[in-house]
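Structure record follows, encoded as structure tokens.
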Amino acid sequence: MVPDAPPPGDGPPGAFSVLRHRADFLRAARAQRVPLPALLLQARLRDTSEPSQTAIRVGFTCSKKVGNSVARNRAKRRLREIARAVVPVDGQPGWDYVLIGRADATATHPFEAMKADLARALRKLHR
């Protein structure tokens, strides 16, 4: 870790930190799910009793069903970009979101449609 870097979760308003630990992904897998045409969204509300737990956290994953490493990395790049555009606007502090790529769909689905689908799913989730 770079000594001058801010701690994870701190950053500009509306930013999110990235999930890195397997346990966080497993906890999100047991929580709420919203299927979308190009991806699957998993979301869970964390215990936000500590002020450091109020950041939005997002994880990205693609299984080998999506394709080889090139295809998986391309799909994850697309997921990261839609998350950067949508999660700070429609996400809620204290939540973990995991975006899971789908075989064939994540790499080929129109980008603007993916953003609109994710925004609609987050609004539906937080109703």
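Quick notes on this one:
- If you go through segment 71-127 and keep only what is of a type in the set (Val, Ile, Thr) and surrounded by 14 or more Cβ atoms within 10 Å (Cβ to Cβ), you end up with Ile82, Val86, Val87, Val98, Ile100, Thr106.
- Long-range neighbours under 6 Å by Cβ, at least six apart or interchain, first residue in contact (Cβ under 8 Å) with a residue 12 or more places away in the chain and polar (S, T, N, Q) within segment 94-109, second crowded, with 24+ Cβ neighbours inside 10 Å and part of a helix (DSSP H, G or I): Thr106/Ala75
Condition check ((1) at pLDDT 95 or above; (2) out of contact with any Gly (no Cβ under 6 Å at 6 or more places or on another chain); (3) part of a loop (DSSP other than H, G, I, E, B)) across all residues:
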residue	(1), (2), (3)
Asp4	no, yes, yes
Asp10	no, yes, yes
Pro13	no, yes, yes
Gln42	yes, yes, no
Val58	yes, yes, no
Arg78	yes, yes, no
Arg84	yes, yes, no
Tyr97	yes, yes, no
Ala107	no, yes, no
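- Selection status of Ser49, exposed (fewer than 14 other Cβ atoms within 10 Å of the Cβ), of a type outside the set (Phe, Trp, Tyr), out of contact with any strand residue (DSSP E or B) (no Cβ under 9 Å at 6 or more places or on another chain) and under 15 Å from Gly94 (Cβ atoms): yes
The values are calculated or read from the model by the stated rules, or taken from the named source; none is laboratory data. What you see is a predicted model, and the numbers here were worked out from it, not measured in a lab. Backbone-built Cβ (ideal geometry, glycine too); neighbour counts: all protein chains shown.
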